[in-house]
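A.B. asks: I'd like to ask you about the structure that follows.
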Amino acid sequence: MSTLSRADVARLAALARIDMSDSDLDRLSGQIAAIVDAVALVSEVAGQDVPATSHPIPMSNVHRADEVRPSLAPADALAAAPEAEDGRFRVPRILGEEA
């Protein structure tokens, strides 16, 4: 079994900006360790002849043509915004914060 400590889970939660209670941290440390073990087991079974996949069936993206269409004027789009600045939405700064 892999070792994933309560402190590891707390650090991951902080990085993801998820507030977790002590009971959640205790419970999730065991559950996440079980998931990591399951992934490791699958990795052992998959040999060199098995191609890596992200989905069990082939997928393809469907793209529409990129066409200019009429849309809201900037003033109309910003009319309901809580705050606007220089013709753009103003949002709280999050970059550079310490975890």
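Throughout, read-outs are computed from the coordinates displayed, never taken from laboratory work. Bear in mind the structure is a predicted one, so any value in this text is a computation, not a measurement. Please note: Cβ atoms are built from the backbone with ideal geometry, for glycine as well, and neighbour counts cover all protein chains shown.
A.B. asks: Which one, ALA52, ALA16, ALA34, has the greatest fluctuation when you compute a Gaussian network model over the chain with C-alpha springs under 10 angstrom?
C.D. replies: Of ALA52, ALA16, ALA34, the most mobile in the Gaussian network model is ALA52.
A.B. asks: Could you state the angle between the C-alpha long axis of helix 6-15 and the longest principal axis of the C-alpha atoms of the chain, as a value from 0 to 90 degrees rounded to the nearest 10?
C.D. replies: Here the helix axis deviates by roughly 20 degrees.
A.B. asks: May I pose another question? Rank SER21, SER29, SER60 by mean-square fluctuation in a GNM of the chain with C-alpha springs under 10 angstrom and give only the top-ranked residue.
C.D. replies: Result for the chain, Cα springs under 10 Å: SER60 fluctuates most.
A.B. asks: Show the residues, 5+ positions off or on another chain, whose built amide H is closer than 5 Å to the amide H of ALA84.
C.D. replies: It is ARG90, by chain and number.
A.B. asks: Normalising by the residue count of region 1-46, find the relative contact order in percent from Cα pairs under 8 Å and 6+ residues apart. Kindly include the intermediate steps, with their values, before the conclusion.
C.D. replies: Working: 24 pairs, mean separation 23.8, N = 46.
It comes to 52 percent, rounded to a whole number.
A.B. asks: Can you match volume of the Cα convex hull per residue in Å³ to one of these, [x] 95; [y] 239; [z] 104, based on a calculation from the structure here?
C.D. replies: Working out volume of the Cα convex hull per residue in Å³ from the coordinates points to [y].
A.B. asks: To the nearest 500 deg cm²/dmol, what mean residue ellipticity at 222 nm is calculated for the chain from DSSP H runs of n ≥ 4 alone, each contributing -39,500 (n - 2.57), summed and divided by the residues? All intermediate terms of the calculation are to be shown ahead of the outcome.
C.D. replies: Values: 3 runs with 39 residues, N = 99.
Computed ellipticity for the chain at 222 nm equals -12500 deg cm²/dmol.
A.B. asks: Relative contact order of the chain, please, whole-number percent, based on alpha carbon pairs below 8 angstrom and at least 6 residues apart.
C.D. replies: Working: 39 pairs, mean separation 23.7, N = 99.
Once normalised by length, the contact order is 24 percent.
A.B. asks: Okay, next question. Plugging the Kirkwood radius over Cα pairs into Stokes-Einstein for region 1-46, at a temperature of 10 °C and a viscosity of 1.306 mPa s, what D comes out in µm²/s? Please list the in-between numbers first.
C.D. replies: Numbers: Rh = 11.2 Å.
Estimated diffusion coefficient is 142 µm²/s.
A.B. asks: How many nm separate the modelled label positions at ARG88 and VAL68, each set 7 Å beyond the Cα in the direction of the Cβ?
C.D. replies: Spacing of the two 7 Å Cα→Cβ label points: 2.2 nm.
A.B. asks: Let me ask another. Please compute the modelled spin-label separation between HIS55 and ALA38, points set 7 Å along Cα→Cβ, answer in nm with one decimal.
C.D. replies: In this crude label model, ALA38 to HIS55 measures out at 2.2 nm.
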